[in-house]
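One structure is given below, encoded as structure tokens.
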Amino acid sequence: MAIEELQLSCVREVVDITKNASFEPRYMQLNPRGVVPTLVDGEQVLWDSRAIVRYLDQRYANGHLWDAHAEETKAWIDRLHKFPLMLLSYSVWVLGKRGEKSADILADKVGRAYRYAEENPELADAYRRKAAFFETFAKELGDAQHVASAIETSRIVLEQLREQVRARRWIAGDRISFADCIAASVLSRLVDLGLLDFWYRDRSDRLRAYFDRLRGRDSYRFVFVGDPQIPEHLRLRLP
């Protein structure tokens, strides 16, 4: 969405994380964390979305998504970037409410990482770190109190976001920023999960109005609705 907002062209390659494509050795060589996204620009390889957008904004654009904004907006970028979407997503899937089983998914990822570590000794350390991450994450997911705390903290962030956009069009005011791009992903995912979506069900809610403005952006419609490279099974399910 940020790339669309910056009006930059790029060659895109879909990494289907539902099929563990980010575990493949070819991808891990580029991104030893085995996560998405990854940007390759000549010799430059970046894999944190904040680092990617900061780099693109500074090198190819006018800073309007990042550098031109105050520290308050940059704080929102970090706050929303830390939103525990992965934990919340897996918490919905624990009981297979949408046909998925979190325990099975995570066990497969751990086993896959250890297997790849043996098959690819040059990437063994990266794969072992990946396995350790998912082992720790599985324990966090199994801790009901930890999940409940994350949900409550997330609710507070949503309330703060609602206040932030009470009298302004975007998080930074009258200009869209990268914080809004992250918010678009966070809010879309919550609606998709049917979790912490109380604001969406109330059309008079300020947060719902903000989300509707995001959905009206050409960049949002392209990324979340009309991107021809995204397979149907990877699309968010928004009512």
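Laid out as a table, the results:
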{"quantity": "Spatial separation of Cα centroids for the range 111-182 and the range 1-59, in angstrom", "calculated": "17 Å"}
{"quantity": "At least 20 Å along the helix axis (C-alpha) and Kyte average at least 1.0, DSSP helices within the chain", "calculated": "178-193"}
{"quantity": "Highest-MSF residue in the chain out of ALA113, ALA167, ALA209 [GNM, Cα springs under 10 Å]", "calculated": "ALA167"}
{"quantity": "Flagged links, alpha-carbon separation over 20 Å, of LYS19/LYS130; LYS82/LYS109; LYS19/LYS82", "calculated": "LYS82/LYS109; LYS19/LYS82"}
{"quantity": "√(5λ) per eigenvalue of the Cα gyration tensor, the range 163-221, largest first, Å", "calculated": "18, 14, 10"}
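Read-outs throughout are calculated quantities, based only on the coordinates presented, and are distinct from any laboratory measurement. Bear in mind the structure is a predicted one, so any value in this text is a computation, not a measurement.
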